[in-house]
Amino acid sequence: MSEPLLPLWLRLVAILALAGITVVHLRHVRRAARAERVWHTGHLVMAIGMVAMLVPSGALAVPAVAGEVAFGVCAVGSAVLGAARLRRYRPSLPWFAAAVGHAGMACMFALPRPGFELIVWVLVLCCGLTALGWATGQLPAGDGTVAGTGGGAVTGSGGAAHPVAVRVSLAAMALTMAYLLVAMQLAMPAGHTMPGM
């Protein structure tokens, strides 16, 4: 690749931010209830997947097919869990937001591939809206099973709470994903690929 999609300094900043996001979600995976643990694990895997894409040397390379399958399954699983909660509880938007994130990851592993342009731009828009929802507290915590119970909680429109660190991490991760999708899409005609892929 003649010029990188991300300058090295920006890649390193993103890797450090994603490492912080990993720590935030890892804490919740270790001490949360089962449904919350599954939800946080999904975000933990997304953060690790993005780090693998951003490592300059490609040392953490993940085969594209493995990434597509793993994140495709996660996207479907999150959407199914969200849909199941629609019948029993009020809408569980965080599960659908997770499904969008997993779909974005699957798409990143699939790129560069012709014919994905519309899907990429729809996912970029969804990631942007998701980031806005987490940053403003408008994304509710659904039925409470994906609610953080730590101090410094922010109440969303659903009345359940997510700790500030979780909301900030989710907004940052959604913005990072949107940026990477745009960068990969714009680099396609030039034949660029993400390092590590």
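Please treat every number below as a calculation from the coordinates, not as lab data. The model shown is predicted, which means the values in this text are computed figures rather than measured ones. Neighbour counts are summed over all protein chains in view; Cβ atoms, including those assigned to glycine, are modelled from backbone coordinates with ideal geometry.
Points worth noting:
- The listed peptides 95-101, 74-80, ordered by packing as a protection proxy, come out as 95-101, 74-80 (highest mean of other Cβ atoms within 10 Å first).
- For the pair Arg87 and Arg34, a Förster radius of 25 Å applied to the C-beta separation gives a FRET efficiency near 0.85, rounded to the nearest 0.05.
- Label-reachable residues, the stretch 40-55, where backbone N falls under 20 Å from a point 7 Å from Val80's Cα toward its Cβ: 40-46
- Extension gain for Leu129-Leu186 works out to 18.5 nm (0.36 nm per residue, less the C-alpha to C-alpha distance).
- Of the peptides 129-136, 10-17, the ranking by mean beta-carbon count within 10 Å, highest at the top, reads 129-136, 10-17.
- Ranked by how many other beta carbons lie within 10 Å on average, peptides 164-176, 18-30 from highest: 164-176, 18-30
- All other residues whose Cβ lies under 9 angstrom from that of His28 are scored, Lys and Arg at +1 and Asp and Glu at -1, for a net of +3.
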